[in-house]
């Protein structure tokens, strides 16, 4: 069954309505059971679960400790370009915005990567707008290959590709893919993506599966919280994650919780999501998806990140810049959105340690994969086949 078929069989709006109607008894049953299924998840994101937030957080923390220990992986986004052909109404990269545009040369990418390496990062996420004539698949393949010689993990958050395009990037050293659907409501999706290639809802919806089929080690999904009712988006994200886990069991699934933030030419959130709402969603997802990575970015302010990190988070960005060249030539180009946590990577790392969490800069190495003698390992050193 395709994920389109799953959405047709289980419309998120109906599931969200079931969540709205859940009772306190449903919540208590979900919290008391040995595992949480989709029905339990709907109860845990319901209004009836709000008074049980402390119990929900305690159980989510216990599951996180059991599955992941007391560690959080740190990563940094590296913006390649803010050129874009889309007209997304919430994004600073909207093609209609009169912002300063830039695309990094491969040499400038190396400079940015060197700055991140010096901060301690060994995991980097390449980000760009959707302008394939500027940031072509060949360009992505080139910069991914040069960064793979240095970094243990190279991820991408770029425009959707076909399976062959993802396979080429996997061969170049990319091991993770992040694709936010933004909203799973097709009508709302059309309104907030009025023009450009991103207007194709189904092409974007299928991107995580194409990446997993192409061999990505990790695939990340999420909705841009604030565009639509958060419980509707939460049910769709949950369905998507469950389907990906079952269909591509060798690929780790991660879920992010980006909240709509201020951006050049952007819109105010039509459906604001409070801190308590976001905590409830994150903790409920942890119980439904005990083995999934949960990601929290610098979109959130320090106090909130420090509070949620020990509960259920496994991946965090730090010291992020959202404009191309931001680590070596800040503010020469326009950023994608406003960053709320402006602490340095060292400050974030020290704070996590103070909370009893070990900040991990590198959590795996390509040397553990079967590959031919002389292949490049995660730190650019040759590794023998195992």
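General observations
- Residue identified as in contact with a helix residue (DSSP H, G or I) (Cβ under 6 Å, 6 or more places away or on another chain) and in a loop (DSSP other than H, G, I, E, B) among 228, 211: 228
- Count of residues meeting criterion [closer than 18 Å to residue 244 by Cβ, assigned to a helix (DSSP H, G or I) and out of contact with any strand residue (DSSP E or B) (no Cβ under 8 Å at 6 or more places or on another chain)] in region 146-173: 3
- In region 115-138, the residues that are in contact (Cβ under 8 Å) with a residue 24 or more places away in the chain and more than 23 Å from residue 337 (Cα to Cα): 117, 120, 122, 137
- Only one of 337, 304 that is under 18 Å from the mean Cα position of the chain (by Cα), modelled with pLDDT under 95 and buried (at least 16 other Cβ atoms within 10 Å of the Cβ): 337
- Filter result for residue 104 (buried (at least 18 other Cβ atoms within 10 Å of the Cβ), over 27 Å from residue 346 (Cβ atoms), in contact with a strand residue (DSSP E or B) (Cβ under 9 Å, 6 or more places away or on another chain) and in contact (Cβ under 8 Å) with a residue 24 or more places away in the chain): no
- Criterion (at pLDDT 95 or above, part of a strand (DSSP E or B), surrounded by 16 or more Cβ atoms within 10 Å (Cβ to Cβ) and in contact with a helix residue (DSSP H, G or I) (Cβ under 9 Å, 6 or more places away or on another chain)) met by exactly one of 143, 124, 109: 124
- Number of positions in region 174-196 that are crowded, with 21+ Cβ neighbours inside 10 Å, touching a strand residue (DSSP E or B) at 6+ places or on another chain (Cβ under 8 Å) and not in a helix (DSSP H, G or I): 10
- All of (1) modelled with pLDDT of 95 or more; (2) buried (at least 17 other Cβ atoms within 10 Å of the Cβ); (3) not in a loop (DSSP other than H, G, I, E, B) hold for residue 353 with one exception: (2).
- Screening the candidates 237, 219, 255 for the property of being under 21 Å from residue 8 (Cβ atoms) and either surrounded by 19 or more Cβ atoms within 10 Å (Cβ to Cβ) or touching a helix residue (DSSP H, G or I) at 6+ places or on another chain (Cβ under 8 Å) (or both) yields one hit, 237.
- Which listed residue, of 36, 6, is in contact with a helix residue (DSSP H, G or I) (Cβ under 7 Å, 6 or more places away or on another chain), in a loop (DSSP other than H, G, I, E, B) and surrounded by 14 or more Cβ atoms within 10 Å (Cβ to Cβ): 36
- Scan region 170-208 for residues that are in contact (Cβ under 8 Å) with a residue 24 or more places away in the chain, farther than 19 Å from residue 255 by Cα and in contact with a helix residue (DSSP H, G or I) (Cβ under 6 Å, 6 or more places away or on another chain) and the total you get is 3.
- Checking the stated criteria, residue 135 turns out to be under 18 Å from residue 87 (Cβ atoms) and crowded, with 21+ Cβ neighbours inside 10 Å.
The values are calculated or read from the model by the stated rules, or taken from the named source; none is laboratory data. A quick note: this is a predicted structure, and the numbers were derived from the prediction, not measured. As a convention, Cβ positions derive from the backbone with ideal geometry for all residues, glycine included, and neighbour counts pool all protein chains shown.
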